[in-house]
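So the structure is just underneath, and the comments pick up after that.
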Amino acid sequence: MKHFLNLIDFSPDELAAFLTEACRLKEAHARRVPARSLTGRVVGLVFEKPSLRTRVSFEAGVAQLGGTALYLPGNEVGLGWRESLADFARTVGRYVDALVLRVYHHATLDGIAAAGAVPVVNGLSDWSHPCQGLADLLTVRELFGGVEGRTVAFVGDGNNVARSLAVGCGRLGARFVLACPVGYGFDDRFKADYRRRVSPDFPAEVNDAAAAVRDADVIYTDVWTSMGQEAEREERLRRFAGFQVNAELLAKAKSGCKVLHCLPAHRGEEITDEVIDGPASAVFQQAENRLHAQKAVLEWLLE
Ligand code: CP
Ligand code: NVA
């Protein structure tokens, strides 16, 4: 059974095929060509955490492909506490053709996928955000005509979004560098996984934002405090203070450098209004690309 859990599970050719199909779907949608690849299919959306982009882009994407999306609040289905993950999967798999889940613990996704009863899409976990990563790669491809050979500087936390983007860049031949405070870089488990499955050359990690952006085609950032880390917020605000993406930092990058952010943004923390609303920013093009990238994933999952 197919699942879309982590970008690391896909080869460069498979990732490139998703991007090509996403471009085709985006163009067809712009020309209002009707698509019916999900006719008669039902996709369940289970969210344990809040969402705007993921929920709405999946609901809209399923509708655009002629299918039906069902929203299932996480506190209602009670993954793993109202009933076991396997019982949940084996039941819901009798009703829906695929599930998109946003969960606190990545192990929840693995538990549901392991039941082998329903295809699972990771709509964000504490470990990774592959739908975001795919839309990010699509955006880089649109902005620069390709991903290979580009340099992406991620300024911020070595979190779920950073892991997926690092893997996507590694798979498609882009250079990735993480600029973060000491102690907020990639964890050993991710590094080992990356070295084994992507490349022995692990992406550079520096503790100096200015050094990271010097050769960057793309400066990327995300919130310093992710969902579920709220208790660490004050400490993180202090630790990340020198890692804001602001006009001063952007001025140190090459001309033509673009700025991306997965959103939602904590304006005034990891990014300033001036930058996110400025000419280098492509964050809403990036948000739109979630829709088309995920439609390509759903088609692959349900073909
Ligand atoms: N980027 C992203 O996943 O946004 P939401 O949390 O709004 O879904
Ligand atoms: N790193 C953020 C991404 C939100 C889309 C979080 O996990 O909250």
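The values are calculated or read from the model by the stated rules, or taken from the named source; none is laboratory data. Note that the structure is predicted; figures quoted are calculated from it, not measured. As a convention, Cβ positions derive from the backbone with ideal geometry for all residues, glycine included, and neighbour counts pool all protein chains shown. For the accessible areas, the whole protein counts, side chains as well, though only heavy atoms, and no ligand, DNA or RNA atoms are used. Shrake-Rupley method; radii C 1.70, N 1.55, O 1.52, S 1.80 Å.
Of note:
- Shown is the FRET efficiency for Lys2 and Ala251, computed with R0 = 30 Å from the Cβ-Cβ distance and rounded to the nearest 0.05: 0.10.
- Note on Ala204 and Arg24: the extension gain reaches 61.4 nm, defined as 0.36 nm multiplied by sequence separation minus the Cα-Cα distance.
- 0 to 90° range, to nearest 10: angle between helix 283-302 axis and the chain longest Cα axis: 30 degrees
- Loop-located GluC sites (Glu not before Pro) in the range 139-225 (DSSP state not H, G, I, E or B) with no more than 16 neighbouring Cβ atoms inside 10 Å: Glu148.
- Per residue, in Å², the accessible surface of the chain once ligands and nucleic acids are set aside, probe 1.4 Å: 42 Å²
- Placing a label point 7 Å from the Cα of Asp215 along the Cα-to-Cβ direction, the residues of the range 120-152 with a backbone N closer than 14 Å are 149-152.
- Within the range 15-146, the percentage of alpha carbon pairs spaced more than 25 angstrom apart rounds to 29%.
- Pairwise label distance in nanometres, Glu232 with Asn75, each label 7 Å out on the Cα-Cβ vector: 2.4 nm
- Angle between the chain longest axis and helix 188-197 axis [Cα atoms, degrees, rounded to 10]: 70 degrees
- Residue-averaged 222 nm ellipticity for the chain, from DSSP H runs of 4+ at -39500 (n - 2.57), nearest 500: -12500 deg cm²/dmol
- Two-site FRET efficiency, Arg197 against Leu52, from Cβ-Cβ distance with R₀ of 45 Å, rounded to 0.05: 0.90
- Pair-distance profile P(r), taking every C-alpha pair of the chain, with 20 angstrom steps and integer %: 35, 58, 7
- All lysines inside 25 Å of Lys26 as judged from Cα atoms, apart from same-chain residues fewer than 8 positions distant: Lys2, Lys258, Lys295
- Pairwise FRET efficiency - Val182 versus Arg90, Cβ, R0 = 51 Å, nearest 0.05: 0.65
- For the range 76-195, alpha-carbon Rg relative to the globular expectation (2.2 N^0.38 Å, N residues): 1.23
- Comparing Ala30, Ala86, Ala265 in a Gaussian network model of the chain (Cα springs below 10 Å), the most mobile by mean-square fluctuation is Ala30.
- Distance from the C-alpha centroid of the range 250-301 to that of the range 144-206: 17 Å, rounded to the whole angstrom.
- Angstrom value of the Kirkwood radius, inverse mean 1/r, which spans all Cα pairs in the range 132-286: 15.3 Å
- Listed residues Val62, Val206, Val120, most fluctuating in the chain (Gaussian network, C-alpha, under 10 Å): Val206
- Amide proton proximity set for Lys252, modelled H, under 5 Å, gap of 5+: none
- Taking Val152, Val118, Val33 in turn, the Gaussian network model of the chain (Cα-Cα springs below 10 Å) assigns the largest fluctuation to Val33.
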